[in-house]
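Contents: one structure, followed by commentary.
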Amino acid sequence: MSAATSSPTALKTPGSDSHSGPTLSLTLKIWRQKDTNSPGELKTYEVKGISTHMSFLEMLDVLNEQLVQKNEEPVAFDHDCREGICGMCGVMINGQAHGPDLTTTTCQLHMRKFRDHDTIVIEPWRAKAFPVIKDLVVDRSAFDRIITTGGYVSINVGSAPDGNAVPVPKENADQAFDAATCIGCGACVASCKNASASLFVSAKVSQLALLPQGEPERVRRVQRMVAQMDKEGFGGCTNTNECEAACPVGIKVENIARLNREFLRAKMITR
Amino acid sequence: MNGLKWLWTLIYGDSSIGRKARIAITGLLMCGFLVSHLAGNLLLFKGDDGESYNNYAKFLHSGEMEAVVAGAEVGLLVLFGVHLLLALVTTRENTAARPTGYAMKQSKQGDSMLAAPAYNVMLLTGVVVFAFLVLHLVDFRFRARGSSHEPAHVVEKVDAAHANKHQPITRTDAIRLLRDPLTSGVYLVGCLVLGYHLVHGFYSAFQTLGFNHPRYTPKLRLLSIVFAIVIGVGFAIFPVWAHFVTIPGDAPAAPPGATATTP
């Protein structure tokens, strides 16, 4: 996961005729932190002429353009596809992961959701396992390390089999696909009062546990991934379901129950 | 010390999910006890001058039941101890997982007002229930607290009961104890807080143990609220009811029209 700083060069000047319709004047309170070891603080910025058609990240681009013009350090934030599918973007917007909309990433949140003269508080994901790299950028490599302990199929499954050769019930295929849509953005951790990664881990365990290809490593996988999750310093799940509400792709807590089931089953049958 | 390592592993587990599963199992077993306890208490309502309740109490203290009750008491103590210990441990782990909090935090859930805050105060409600339980055991199990506000003959009777802890508590004794102002207040609050603890706890235990199904989970959440109300309000009724029921030794009620003599 790279820490990218927004590039304002390709943007139109705020308030130019490229955006028709109403515009917003906003007060932004943004977490500024030089690096992991430096203390951070909320700094206040004023932005004017923000089109309601802009995405939230475009609004931050406008702010950064203003900061660059004033020879100030632009705000660092993660982003990549800006299409809601890569999982790179993600900040706490007024205390909600990815902002007020359900099943929406920060890049897909539009400024029409805000009103003129609103104050918006923008903070990075907060978790011991997600240290701040700079400003709004956090290090989510803890997720990568969890995946390396078992979020894959390591056996040789050969070339693509005939569609009917491996029977998979439709319900299982649907549930596995739903779990596989997790983009690993970390909103579940950020929104959970315990900074628990249970929803992320449960999605990764579920997508493989539900399919025949995942069966041979089923018992080992869940134990190793949960052990790594604990080792990274994430909190435990207390079933508040806030992660499900915050998830931009709608991963359900049903997967956490499956994770618990898989884990307890694995513990019981391991020799 | 190594000899007891297996015991520590059995209690503490080696994973966050394992610890939560232990909290869930001990919680559900204690829910089972609450049901049987409430069922026994309901005998207080029976209008037979306490015969059913007193017989039930005698039966629990009888020779053949002595070992069973003693075993159940030790079992409950272990369940409660493990439940509380692991709740404290996991709360500490969970707090450590976010050393720096948010300047602003809002929920994205549309939960009902009843269910939403319950899961945020599980440790607090649990500690309140623990404090209530200590007083309850002091009053009813060990009978270590007299009721000094009662008339002398009542205190003597309670003290006499202290002298022999194997004597079962009678319906009259129970009602007198429940009339104690401290007992009444603490029991009322304690029982209602227990109910609030169960609003989240009952449902959560099933989820932790891996039970979640789109057909049954919504019903289970509703059942959790119903169960919490039945247990919480069910137990809370007794300290209120005790003030309105007549027992031997009470001053006879004034006959109707007795105050009419005042001009």
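The values are calculated or read from the model by the stated rules, or taken from the named source; none is laboratory data. None of these values were measured; they are calculated from a predicted model. Using ideal geometry, Cβ is built from the backbone for each residue, glycine included, and neighbour counts are taken over all protein chains shown. To get the accessible areas, we keep the full protein, side chains included, count just its heavy atoms, and leave off ligands, DNA and RNA. Shrake-Rupley method; radii C 1.70, N 1.55, O 1.52, S 1.80 Å.
So that you can scan it fast, the table gives a plain yes or no per residue for (1) out of contact with any helix residue (DSSP H, G or I) (no Cβ under 9 Å at 6 or more places or on another chain); (2) open to solvent by less than 50 Å² (accessible area, probe 1.4 Å); (3) modelled with pLDDT under 90:
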residue: B:A131; (1), (2), (3): no, no, no
residue: B:H136; (1), (2), (3): no, yes, no
residue: B:K157; (1), (2), (3): no, no, yes
residue: B:A174; (1), (2), (3): no, yes, no
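Scanning segment B:49-61 for residues that are at pLDDT below 90 and open to solvent by less than 40 Å² (accessible area, probe 1.4 Å) turns up just one, B:G50.
If you go through segment A:176-204 and keep only what is without any contact (Cβ under 8 Å) to a residue 40 or more places away in the chain and in contact with a Lys or Arg (Cβ under 9 Å, 6 or more places away or on another chain), you end up with just A:A180.
When residues in segment A:152-184 are screened for being more than 11 Å from A:F200 (Cα to Cα) and open to solvent by less than 30 Å² (accessible area, probe 1.4 Å), 1 of them pass.
Taken over segment A:223-240, the criterion of being within 16 Å of B:K20 (Cα to Cα) and either more than 8 Å from chain B (Cβ to nearest Cβ) or open to solvent by 20 Å² or more (accessible area, probe 1.4 Å) (or both) is satisfied by A:Q223, A:A227, A:D230, A:C237, A:T238.
The residue that is nearest to the other protein chains (Cβ to nearest Cβ), among those in segment A:34-57 that are within 14 Å of A:P74 (Cβ to Cβ) and within 24 Å of the chain's Cα centre (by Cα), is A:K43. When B:T26, B:T91, B:T95 are checked against the criterion of being open to solvent by 30 Å² or more (accessible area, probe 1.4 Å) and touching a helix residue (DSSP H, G or I) at 6+ places or on another chain (Cβ under 9 Å), a single residue qualifies: B:T91. Tell me whether segment A:185-206 contains one or more residues that are closer than 22 Å to A:R265 by Cβ and surrounded by fewer than 21 Cβ atoms within 10 Å (Cβ to Cβ). No; the residues of segment A:185-206 include none that is closer than 22 Å to A:R265 by Cβ and surrounded by fewer than 21 Cβ atoms within 10 Å (Cβ to Cβ).
Scanning segment B:106-116 for residues that are of a type in the set (K, R), surrounded by 13 or more Cβ atoms within 10 Å (Cβ to Cβ), in contact with a Pro (Cβ under 9 Å, 6 or more places away or on another chain) and part of a helix (DSSP H, G or I) turns up nothing.
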